Amino acid sequence: MDKCKPKGDLEKLLSSFVDNEVRNNGFSINPENPMERFDEWYSIIRALIMVPDLKNYDLVGEFFV
Amino acid sequence: MILLVNSLYEDKFRNTSFQDRAVFLPHCLGIDIARNKKSKSQVDSVKEFAVSKGYDPDKIFVVGGGSEIPSLMDGCSAMLGLCCITDAKAYVDAYKAGEIDGCRLPGAVQMCLLDRKGCKDTFVNLDYVFERLSLVPRFVENSVVK
């Protein structure tokens, strides 16, 4: 049951990424196609999650589903 | 992956009225276990909650699989789907491509992942589903009713 429950830390990380990086730092979301840069952002977030100091296997496992 | 999609579409989903959103529920959601325990299935719980919020009952669909969705989503501005990882990946790819099976996708999507695939005895985190169903425009959420 808990497997499908989003974890607070990951939601916080994504929310922070979308708010700070996407909206405020030039990575604007194209309202006509929000998925336009999905692959790029996916890679950035994956890299953020996997940097050694932040490595958290729960987060990594959850992000990849 | 799913949380990133939900984040990217959250504003558009928030700005779509409850009546214009479609909800897609899998037939397998907690039904077998509910039958054995003679309790309400999660499908019924989600339906009841959505209707109580103002969702159109005619736009709440129980489907046998993701392939049934394209024929039903015509005219919907946004959709919320409860799905297994297989269907979720198919819809992430479809949203990247802009269409599925030649059909244009609704303008916004939110997905809630089932705990397993296999179309039997699946469960979803209802708190997360109710939170996504309840999303309203930020200015409404931030306004204080006195």
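In contact (Cβ under 8 Å) with a residue 24 or more places away in the chain and assigned to a loop (DSSP other than H, G, I, E, B): does that describe B:TYR55?
Yes, satisfied.
Using the structure shown, decide if B:SER71 is modelled with pLDDT under 95 and buried (at least 16 other Cβ atoms within 10 Å of the Cβ).
No; evaluated as a whole, the condition is false for this residue.
The conditions are (1) more than 24 Å from A:ARG46 (Cβ to Cβ); (2) in contact (Cβ under 8 Å) with a residue 60 or more places away in the chain; (3) of a type in the set (Val, Ile, Thr), and B:VAL92 fails exactly one of them. Which is it?
The failed condition is (1).
Kindly establish whether B:ARG132 is in contact (Cβ under 8 Å) with a residue 24 or more places away in the chain and within 14 Å of chain A (Cβ to nearest Cβ).
Yes; evaluated as a whole, the condition is true for this residue.
So for segment B:117-124 (the condition being modelled with pLDDT under 85, within 29 Å of A:GLU36 (Cβ to Cβ), in a loop (DSSP other than H, G, I, E, B) and more than 9 Å from chain A (Cβ to nearest Cβ)), does at least one residue qualify?
Taking every residue of segment B:117-124 in turn, at least one turns out to be modelled with pLDDT under 85, within 29 Å of A:GLU36 (Cβ to Cβ), in a loop (DSSP other than H, G, I, E, B) and more than 9 Å from chain A (Cβ to nearest Cβ).
Go through segment B:87-100 and give me each residue that's surrounded by fewer than 19 Cβ atoms within 10 Å (Cβ to Cβ), among the small types (Gly, Ala, Ser) and within 12 Å of chain A (Cβ to nearest Cβ).
B:ALA97, B:GLY98
Tell me, please, whether a residue that is closer than 26 Å to A:MET35 by Cβ and without any contact (Cβ under 8 Å) to a residue 12 or more places away in the chain can be found in segment B:42-52.
So far as segment B:42-52 goes, no, none of its residues is closer than 26 Å to A:MET35 by Cβ and without any contact (Cβ under 8 Å) to a residue 12 or more places away in the chain.
Restricting to segment B:63-86, what's the tally of residues that are outside any strand (DSSP E or B) and either of a type in the set (Gly, Ala, Ser) or touching a residue at least 60 places away in the same chain (Cβ under 8 Å) (or both)?
7
Give just the number: which of (1) within 18 Å of B:ARG21 (Cβ to Cβ); (2) facing another protein chain (nearest Cβ under 10 Å); (3) surrounded by fewer than 20 Cβ atoms within 10 Å (Cβ to Cβ) does B:CYS103 not satisfy?
(2)
The values are calculated or read from the model by the stated rules, or taken from the named source; none is laboratory data. Bear in mind that the values here come from a model prediction, so they are computed numbers and not experimental data. Neighbour counts are summed over all protein chains in view; Cβ atoms, including those assigned to glycine, are modelled from backbone coordinates with ideal geometry.
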